[in-house]
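Reading through the structure tokens given below for one structure.
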Amino acid sequence: MESYWKTLLTTPEAATNYRDSVRDRDHDLGAFLEFDPQRGCTAAGDILAERNTETAGDTNTTDDARSAAWAGVPFAVKDNIAVTGFRLTCGSRMLEKFSSPYTATAVQRLCTLGAIPVGKTNLDEFGMGSSTDTSALGVTSNPWDRSRVAGGSSGGSAVAVAAGMVPFALGSDTGGSIRQPAAFCGVYGLKPTYGAVSRYGLVAYASSLESIAVAAADVDTTEAVFRAMRAVDEMDQSTIECPADLADASGAADTTLRIGVLGGELGLDPAVATGYQGAADALKALGFPVSAVELPTIEYAVPAYYTIAAAEASANLARYTGIRYGLRPDYAENPEELVRTARDQGFGPEVKLRILLGTYVLRSGFQDQYYLRAQKVRTAIRNDFDRLFGEIDVLLMPVFPTPAFPHGDAGLTPFQQKIADRFTTTANLAGIPALALPAGVEAGLPVGVQVLAPAFHEHRLFAVARALAQRLPRATPPDYPPLWRKASE
Ligand code: GLN
């Protein structure tokens, strides 16, 4: 990875300039819930010092060379991922005052290389939503048009990258939460293979579907961050070793990969349809073998996803009682009332809806009808992908049927937003990697498309994205040129 802004955060003047510029921009955008590079430097320094004590005596020059490229690179972290010294609110009143006592493994790995977590970004409450408007703690706006949403749930992370504040940011993706805001803001967004990156330190929403994810300004950075984070972690028993023959597979542009383009009636907004067609045409023009394919199970993805996600959410969020975790009401007559009041005041309407839906589908006597049925659909979707990846190497499909929609009533209803998750939730249900990439700007708003590959074949996604970037370079929002520079520029 090339070095970003070598002097950033290493000289006091550069650090002050950077801090002031980001604060200035973020005033209108609301990407960050907390922004404090100084605190990030302290957290990263502590992690580095701990590693140096553990590895004292080792001299590894490759490691040193790699670290030099990362030294002082600022990155942002979605506020459902733990970083010591910062709060960990999940965009919820429930955790508004909660500070993280430890740092997520994925963040630790980046800090060990020298990168600095500079702040925590806004999100839909507990990651539930597609706009970042369900956050209880702030409004995030799209840098292309501030009357529109950033997308979600990793909206703050996508905006921090799109508005040039950081070269990359971490988010999470349970059903599209990195890819959809990446598409709305015009940046790259990678959801890795399930189990490739440790979830230790990611606050659980739907554990079997989610992954820590990357939003970044270019393909090189996306790939470098993914490679730095990918590892088996004893703190997360669901992490899996990447098969040896794939671990170092090249992500260099490769136009021999067979591309399947999802066809059929996709129900896309005209601007998105234009961008999607443009990406398919660009792949053909680059010389890729391209064919139209179908994924018949896609029509069941949304009901299966929302059944499973809500069921897992209702179990995961049971820990917020106001006793050990969560908002502690000022007064309660008895423990039951304390828990009830904590939940009533601490959770927003979308979170309450999903907990209710989750307990409904899991209630005794009805599991066959909902939860187990959804698991069967999940298997069918996985089989559909297996079949497809016998014929093609990479699948191209839309991310979301519309571009960034307006805030509030002029936008999509919560129900419309859920239906629109049909393209993104498939990768989470199947556990496979997916990368959203910029496919142009239509009527002043970015359009994204996504590429999917079999588990642990992220390199194919980078190879296609690199080739496509020659034809469809990423555009930056006119008012927000990057605050950072590549060392080579
Ligand atoms: N829109 C989806 C949901 O609301 C995606 C969320 C996510 O990936 N965290 O569940």
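For segment 198-215, the set of residues classified as part of a loop (DSSP other than H, G, I, E, B), in contact with a strand residue (DSSP E or B) (Cβ under 9 Å, 6 or more places away or on another chain) and more than 8 Å from the ligand (Cβ to nearest atom) consists of 198, 199, 200, 201, 203, listed by residue number.
Residues are listed down the side, and each one gets a yes or a no for (1) within 11 Å of the ligand (Cβ to nearest atom); (2) touching a residue at least 24 places away in the same chain (Cβ under 8 Å); (3) open to solvent by 10 Å² or more (accessible area, probe 1.4 Å):
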| position | (1), (2), (3) |
| --- | --- |
| 133 | no, yes, yes |
| 181 | yes, yes, no |
| 196 | no, yes, no |
| 225 | no, yes, no |
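When the test is whether a residue is part of a loop (DSSP other than H, G, I, E, B) and either among the aliphatic types (A, V, I, L, M) or surrounded by 13 or more Cβ atoms within 10 Å (Cβ to Cβ) (or both), residue 329 passes it. Out of all the residues in segment 414-435, is one or more under 26 Å from residue 154 (Cα atoms), without any contact (Cβ under 8 Å) to a residue 40 or more places away in the chain and either in contact with a Ser or Thr (Cβ under 8 Å, 6 or more places away or on another chain) or not aromatic (Phe, Trp, Tyr) (or both)? There is at least one residue in segment 414-435 that is under 26 Å from residue 154 (Cα atoms), without any contact (Cβ under 8 Å) to a residue 40 or more places away in the chain and either in contact with a Ser or Thr (Cβ under 8 Å, 6 or more places away or on another chain) or not aromatic (Phe, Trp, Tyr) (or both). Total residues in segment 449-489 satisfying the condition of being open to solvent by 10 Å² or more (accessible area, probe 1.4 Å) and either among the hydrophobic types (A, V, I, L, M, F, W, C) or within 13 Å of residue 189 (Cβ to Cβ) (or both): the figure is 9. The single residue among 304, 311, 282, 318 that is more than 30 Å from residue 95 (Cα to Cα) and of a type in the set (A, V, I, L, M, F, W, C) turns out to be 282. Determine which member of the set 151, 171 is of a type in the set (Gly, Ala, Ser), in a loop (DSSP other than H, G, I, E, B), within 16 Å of the ligand (Cβ to nearest atom) and buried (at least 24 other Cβ atoms within 10 Å of the Cβ). Answer to the selection: 151.
Restricted to segment 246-286, and to residues there that are touching a Gly at 6+ places or on another chain (Cβ under 7 Å) and farther than 20 Å from residue 453 by Cβ, the residue that is most open to solvent (accessible area, probe 1.4 Å) is 278. With respect to (1) away from the ligand (no atom under 16 Å from the Cβ); (2) outside any helix (DSSP H, G or I); (3) touching a residue at least 24 places away in the same chain (Cβ under 8 Å), the lone exception for residue 283 is condition (2). Please enumerate the residues belonging to segment 154-164 that are crowded, with 24+ Cβ neighbours inside 10 Å and either in contact with a Phe, Trp or Tyr (Cβ under 8 Å, 6 or more places away or on another chain) or among the small types (Gly, Ala, Ser) (or both). Once the filter is applied, which keeps residues that are crowded, with 24+ Cβ neighbours inside 10 Å and either in contact with a Phe, Trp or Tyr (Cβ under 8 Å, 6 or more places away or on another chain) or among the small types (Gly, Ala, Ser) (or both), segment 154-164 yields 154, 155, 156, 157, 158, 160, 161, 162, 163. Residue under question is residue 157, and the condition is that it be out of contact with any Cys (no Cβ under 9 Å at 6 or more places or on another chain), under 21 Å from residue 88 (Cα atoms) and in a helix (DSSP H, G or I); does it hold? Yes, satisfied.
If the condition is being part of a strand (DSSP E or B) and within 15 Å of the ligand (Cβ to nearest atom), then segment 183-194 contributes 189, 190, 191. Candidates in segment 363-386 are the residues that are more than 16 Å from the ligand (Cβ to nearest atom), among the charged types (D, E, K, R) and not in a loop (DSSP other than H, G, I, E, B); of these, the one that is least open to solvent (accessible area, probe 1.4 Å) is 384. Restricted to helices (runs of 4 or more DSSP H) entirely inside segment 12-120, those with at least 2 residues that are at pLDDT 85 or above are 12-29, 37-54, 105-113. Selection of segment 139-196 for residues being aliphatic (A, V, I, L, M) and over 18 Å from residue 218 (Cβ atoms) yields 139, 149, 150, 196.
Note on segment 154-168: residues that are within 16 Å of the ligand (Cβ to nearest atom), of a type in the set (A, V, I, L, M) and farther than 12 Å from residue 29 by Cβ amount to 0. Counting residues in segment 257-269 that are in a helix (DSSP H, G or I), over 30 Å from residue 357 (Cα atoms) and away from the ligand (no atom under 16 Å from the Cβ) gives zero. A Cβ distance below 7 Å, combined with a sequence gap of six or more or placement on separate chains, defines the contacts here; from segment 339-362, residues that are without any contact (Cβ under 8 Å) to a residue 60 or more places away in the chain and more than 13 Å from the ligand (Cβ to nearest atom) reach residues that are aliphatic (A, V, I, L, M) and assigned to a loop (DSSP other than H, G, I, E, B) in the pairs 341/332. Residue-level analysis places residue 319 among those that are among the charged types (D, E, K, R) and surrounded by fewer than 19 Cβ atoms within 10 Å (Cβ to Cβ).
Among the residues of segment 110-126, some residue qualifies, meaning at least one is on the phi > 0 side of the Ramachandran plot, touching a residue at least 24 places away in the same chain (Cβ under 8 Å) and within 11 Å of the ligand (Cβ to nearest atom). Among the residues of segment 414-451, just one is in contact with a Phe, Trp or Tyr (Cβ under 9 Å, 6 or more places away or on another chain) and among the acidic types (Asp, Glu), namely 421.
The values are calculated or read from the model by the stated rules, or taken from the named source; none is laboratory data. Note that the structure is a prediction, hence the values are computed from the model and not measured. Methodologically, a virtual Cβ is constructed for each residue, glycine included, from the backbone with ideal geometry; neighbour enumeration extends over all protein chains shown. For accessibility, only protein heavy atoms count, side chains too; no ligands or nucleic acids. Shrake-Rupley method; radii C 1.70, N 1.55, O 1.52, S 1.80 Å.
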